[in-house]
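Inspection log for the structure reproduced underneath, given as structure tokens.
Every read-out reported here was derived from the displayed coordinates using simple, explicitly stated rules and does not represent laboratory data. Predicted, not measured: the structure shown is a model, and the values here were computed from it. Cβ atoms come from the backbone with ideal geometry, glycine included; neighbour counts cover every protein chain shown.
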Amino acid sequence: MRELRPGVWHWRSPHPGWDEQQWWPELVSSYGIEIGEDLLLFDPLCVPDELRERATAVILTAPYHERDARQLGLPVYTPPADTWLDWVAKFGVDPDRVRGMESDDLAWLRAGEGEGHFRGPGSWPFGITAYAGREDNDLVLWLPWINAIVTGDSLSDFGEGLDIQLGGRKHVTREDVAERLRPLLDLPVQLVLPAHGRPQDRARLERVLC
């Protein structure tokens, strides 16, 4: 674990669901960030004990980043899971193959096991503002008190540097996602904290979005 600046911690952990057939690297990033008396865990996996003892909430950039959220027993703030209609729209799946099916992502939280708060783009608790990436439930979170963004898969490093990642989506292009995220350049972003890859600076964000 490394303290990037006072009250901002980063660590990387091997993802338990990873195998050699995955297109993303085995090590994934998590963050612990203070705001006032709260300590927020972003996309947490293998949380260090000193942060786990102080943590007050879990924040997810995407529903498929639940990682250790269930085991932590904290309130979870997250985008909603995909519906079968989302799969049809995003991936071009035959609707007759998936009609009525439900995602496994956060099924426990949707069933009432734990305190869940489901949100899309816009204003979030703790002063966070969420921006849609390649979709409305893969987000980039603006944290104004540290001039940083925490990014889901839409803006991550899967081994070739920070970039826009479509992940097989058919409903958007790279330029579509860049257009959605360019308002970030109007913010005083200094630090980019991706769920995949190492922390980056503003210059890298500008290279990706310009």
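Taking every pair of Cα atoms in the chain, average 1/r, invert it to obtain the Kirkwood radius, and report Rg/Rh to two decimals. Walk me through the intermediate numbers first.
Values: Rg = 16.4 Å, Rh = 17.4 Å.
Here Rg/Rh amounts to 0.94.
Where does the chain land at 222 nm, in deg cm²/dmol rounded to the nearest 500, when only DSSP H runs of n ≥ 4 count, each adding -39500 (n - 2.57), divided by all residues? The partial results should precede the final answer.
Working: 7 runs with 40 residues, N = 210.
Taken over the chain, the calculation gives -4000 deg cm²/dmol.
Exactly which GluC sites (Glu not before Pro) in region 142-183 are in a DSSP loop and have at most 11 other Cβ atoms within 10 Å?
Counting only loop positions with at most 11 other Cβ atoms within 10 Å, the GluC sites (Glu not before Pro) in region 142-183 are Glu160.
Counting only C-alpha contacts under 8 Å and six or more residues apart, can you give the relative contact order of region 64-128 as a whole percent?
Value for region 64-128: 44 percent.
Would you tally the net charge around Trp24, using a Cβ to Cβ cut-off of less than 10 Å, leaving Trp24 out, and scoring K and R as +1, D and E as -1? Could you put the intermediate results ahead of the total?
On the way: positive: none; negative: Glu26, Asp153, Asp157.
Charge balance in the 10 Å sphere: -3.
Remind me, relative contact order of region 2-209 in percent, using alpha carbon pairs under 8 angstrom and six or more residues apart?
Values: 410 pairs, mean separation 33.0, N = 208.
Relative contact order for region 2-209 comes out at 16 percent.
Among Asp38, Asp176, Asp19, determine the one that fluctuates most according to a GNM of the chain built with springs between C-alpha atoms less than 10 Å apart.
Answer for the Gaussian network model of the chain: Asp19.
Multiply the residue separation of Met101 and Glu53 by 0.36 nm, subtract the distance between their alpha-carbon atoms, and state the gained length in nm to one decimal. Mind dumping the intermediate values first?
Numbers: separation 48, 0.36 × 48 = 17.28 nm, distance 3.73 nm.
Gain on stretching Met101 to Glu53: 13.6 nm.
Could you give the length gained on full extension between Asp176 and Glu20, defined as 0.36 nm per residue of separation minus the Cα-Cα distance, in nm?
Details: separation 156, 0.36 × 156 = 56.16 nm, distance 3.02 nm.
Gain on stretching Asp176 to Glu20: 53.1 nm.
Starting from the Cα-Cα distance between Ala89 and Leu185, subtract it from 0.36 nm times their residue separation and give me the gain in nm to one decimal.
Details: separation 96, 0.36 × 96 = 34.56 nm, distance 2.88 nm.
This chain segment gains 31.7 nm when fully extended.
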